[in-house]
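Read through the structure below, which is laid out as structure tokens, and then see the notes.
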Amino acid sequence: MTIQSVKRALDILSLFTPSRPVLGITEMAGFMGLPKPTVHGLVQTLADEGFLSQSDETRKYSLGLRVYELGTCVTSHLRVNQIGGSAAQRLARQTSLMARIAIWDRGMVLVTLNLFPNDQPLPFTTLGPKVPAYCSAVGKAILSTCSSQALEAYLSRTRLAPLTPQTLTDDHVLRSELETARALGYACESEEYLKGLACIASPLFDHTGSCVAALSVSGTPELLKRGEMPSIASEVKRTAGEISFALGYAPNPMHGASEGR
């Protein structure tokens, strides 16, 4: 049974994204197709409880610290973060690139861990926490493990929207890239999701043989053009294998990859 007021409150929180971090009552009401007084009451309750924060200057709202608190509870207790965090941190230091762990979440990928070389932030700290699978290296790495049926189901319900001039919007080209990623054990992406960003990612598997996440490194587009790119990709793949082993994965040559999403 769905409780309407609870669903509407959750819908309000879901309106906020990295590209849309601040909203006013009128904007929220427009997105939800609800009267402003109805939205105002829900927003006021969320603000009173710390889930939204109102600017004194603009009177508009952004997500509150209670959301951040809950998010840290989730990410700190994710098994893939707990087991893979130290290896991912080592990868960041070895490559001097930002390392990420991301999981599948309702047709997209959710970045659950950002790790920096020498603990120094890089320019791309605002990415995520949720990005499209078809134009991100972590997403492609996970999609590359899907069965053909699961992949077709994903493509049938996903619009390959062009987020940059480099975004792949041809599903035939995407299928080809995923086949290559499956063969190589890692996926690449350059400026398909965000201008100025390139990534290399490899899937992570658990004890059931299912792909549960992906590990990536991120840098400028030069990352994929550098002479050491193959060695960096190899290190990403090796570290992903190390994390998968720690998650209980034992490759079985008699079985294919994860049946996927």
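Coordinate-derived values only; no laboratory data. Quick caveat: nothing in here was measured; it's all calculated off a predicted structure. Cβ placement follows ideal geometry from the backbone for every residue including glycine, while neighbour counts extend to all protein chains displayed.
Which shape class applies to the range 64-112: rounded if a/c is under 1.5, otherwise prolate when a/b exceeds b/c and oblate if not, where a ≥ b ≥ c are the square roots of the Cα gyration tensor eigenvalues?
Cα axes put the range 64-112 in the prolate bin.
Starting with the fewest neighbours, write out Met28, Met229, Met98, Met1 ranked by other beta-carbon atoms found within 10 Å of each beta-carbon.
Listed from fewest to most nearby Cβ atoms, that is Met1, Met229, Met28, Met98.
When the expected Rg is taken as 2.2 N^0.38 Å, what fraction or multiple of it is the alpha-carbon Rg of the range 130-187?
After normalising by residue count via 2.2 N^0.38 Å, the value is 1.02.
In the structure displayed, which of Lys7/Lys60; Lys60/Lys140; Lys7/Lys195; Lys36/Lys140 lie more than 29 Å apart, Cα to Cα?
Listed pairs above 29 Å: Lys60/Lys140; Lys7/Lys195; Lys36/Lys140.
Give the Rg (one decimal place) followed by the Dmax (whole number) of the chain, computed from C-alpha coordinates and expressed in Å.
My reading of the Cα-based Rg and Dmax gives 19.7, 63 Å.
Express the relative contact order of the range 78-246 as a whole percentage, based on alpha carbon pairs under 8 Å and six or more residues apart in sequence.
Answer for the range 78-246 is 24 percent.
Pop a pseudo-label 7 angstrom from the Cα along the beta-carbon direction at both Val22 and Leu160 and give the gap in nm to one decimal.
Roughly 3.6 nm, to one decimal.
Quickly estimate the mean residue ellipticity at 222 nm for the chain, helices only: each DSSP H run with n ≥ 4 gives -39500 (n - 2.57), and the total goes over all residues, rounded to 500.
Calculated at 222 nm, the ellipticity per residue is -13000 deg cm²/dmol.
Quick one: grab the alpha carbon gyration tensor of the range 16-166, order the square roots of its eigenvalues as a ≥ b ≥ c, and give me rounded if a/c is under 1.5, else prolate or oblate depending on whether a/b is larger than b/c.
It is oblate, given that a/c is not under 1.5 and a/b is not larger than b/c.
Report, by chain and number, residues whose modeled amide H sits under 5 Å from the one on Leu52, excluding near sequence neighbours (fewer than 5 apart, same chain).
Correct list: Ala47, Gly64.
Identify, among Ser62, Cys135, Cys211, the residue whose Cα sits farthest towards the positive end of the charge dipole of the chain, taking +1 on the Cβ of Lys and Arg and -1 on the Cβ of Asp and Glu, with the dipole about the Cα centre.
Ser62
Residues with beta-carbon under 14 Å from that of Ala161, excluding Ala161: net charge, scoring Lys, Arg +1 and Asp, Glu -1?
-1
Rounded, prolate or oblate: which fits the range 4-68, taking a ≥ b ≥ c as square roots of the Cα gyration tensor eigenvalues, rounded meaning a/c under 1.5, else prolate when a/b beats b/c?
Because its axes are fairly even, with a/c under 1.5, the range 4-68 counts as rounded.
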